[in-house]
Each structure stands twice: as C-alpha cells, then as structure tokens.
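Computed from the coordinates by the stated procedures, all read-outs in this text should not be read as laboratory data. Bear in mind the structure is a predicted one, so any value in this text is a computation, not a measurement. Glycine gets a Cβ as well: all are built from the backbone with ideal geometry, and neighbour counts include every protein chain shown.
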Amino acid sequence: MLKTLTLVRSGVLLALSLAATAAYAQEVKTYFNPSAKPIPVGSKIYISPIPGGFENYIAAGILKKKVPVVIVNDRTKADYEISGVSESEKANWAKMLFVGSQASNEQASIQVVDLKLGDVVFAYSVHKVNSARGKQSAGEACAKHLKAKINTE
C-alpha cells in the first residue's frame, strides 16, 4: 500500500513539474521597426493566405481582441498586409497516455508590411507549448501584440 501511494505521489509530482515547465517554455518575440511610421487606428489590413488556414485565426483574433483596424478582402484596398507562417504539432500517443493531454504545440510568425512604402512595420513570433486551443491561441496572441503596437504609437 505504501509503495502504491509513493508511486501515485511521484506521478502527480512528475505531471505538475511537466505542466510548470511547459507553461514556462512558451516563447514570444515581438519586433518593431523603429524607422517605420506607426500603424494608425482604422487602417485597412489585408491578411494574405497562410498554409493551414492560419489567416482565419488571425482575423478571428483581431476581431476578438478588438484591434482597431479594418480587415479587407481586397489587397488593392488595403494600407497594410499581414503575411506569415504557422506550424502545428499534435500531441503524440505518449503525451496523451502518460500526461493525459491532447494539447498541441503551435508556432506562428507574422509580419505587417506597409503596402505603399514596402516597409515591414511589425513582426511577431510565438511558440505555444501545450496549447489547449491550438491555432486559435496563437492567432489571438498575434492579434494582441498587433493591438499593443497600434495603441502605443
């Protein structure tokens, strides 16, 4: 009985330490171009197609986080363009079995380009470990940091 209790405690401690490590391991990088003009409130932004449909998650994140820009479907009507890449790594069988988690690892990078000048005015890269909401979480993170760029200048 004592051995069973010790094994259960060890398993719980292992699970907690893995969760704490995963939460700490989320890496975020934001880059601002100091020589580029700021993104004005109400700017029209076109989101170019991103493999895996990540542009939809960025658009949803912009709407959810109430970023003060207008999303347009026509690139010729836009002031700025968002482009990027994303990658998802689904949970493997060992993680699902031993940790009991189906959360994925998400990586995404975006850049915002001033279409008139060709300047990269904002870039953001995120790596989410054990993301319960997957691409949605990464898209919202991109939108949150874009909003911070617009509101601070």
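At a glance:
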| quantity | calculated |
| --- | --- |
| Which of S43, S48, S137 has the fewest Cβ neighbours within 10 Å, and the rest in rising order | S48, S43, S137 |
| Contour minus Cα-Cα distance for L63 and K44 (0.36 nm per residue) | 5.5 nm |
